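Please read the structure below before turning to the comments.
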Amino acid sequence: MRMLTENQRKSLKDIRALLSRHNETAARDGHSVLAYLLELARVEANDLLRQDRDPSRRT
């Protein structure tokens with residue numbers, strides 16, 4: 001994976017925050033499968049940001 005641009009990092013941080021909020025809403029409203037999928041997407045965004053900070057984690 002290549003290094004992220006500053007704009008890509010900002011976008012991923014914004015997406016991660018939105019996914020977290022939507023996950024909380026879905027879970028609160030009883031939509032467990034949707035909440036699970038939103039959490040998976042949030043974890044993926046977090047992993048991409050972590051890989052960008054730590055090159056040893058790149059695949």
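Structure values in brief
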| quantity | calculated |
| --- | --- |
| Contacts under 6 angstrom Cβ, first residue in region 35-50 being within 18 Å of Glu6 (Cα to Cα), partner of a type outside the set (Lys, Arg) and surrounded by 14 or more Cβ atoms within 10 Å (Cβ to Cβ), 6 or more apart | Ala45/Leu12; Ala45/Ile15; Leu48/Leu12; Leu49/Leu12 |
| Filter result (surrounded by 12 or more Cβ atoms within 10 Å (Cβ to Cβ) and part of a helix (DSSP H, G or I)) within region 3-20 | Gln8, Arg9, Ser11, Leu12, Lys13, Ile15, Arg16, Ala17, Leu18, Leu19, Ser20 |
| Residue list for region 25-44, restricted to those being part of a helix (DSSP H, G or I), farther than 20 Å from Ser11 by Cα and charged (D, E, K, R) | Arg28 |
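Bear in mind that the values in this text are calculations on the coordinates, not laboratory data. What you see is a predicted model, and the numbers here were worked out from it, not measured in a lab. All Cβ positions, even for glycine, are placed from backbone atoms using ideal geometry, and neighbour counts span all protein chains on display.
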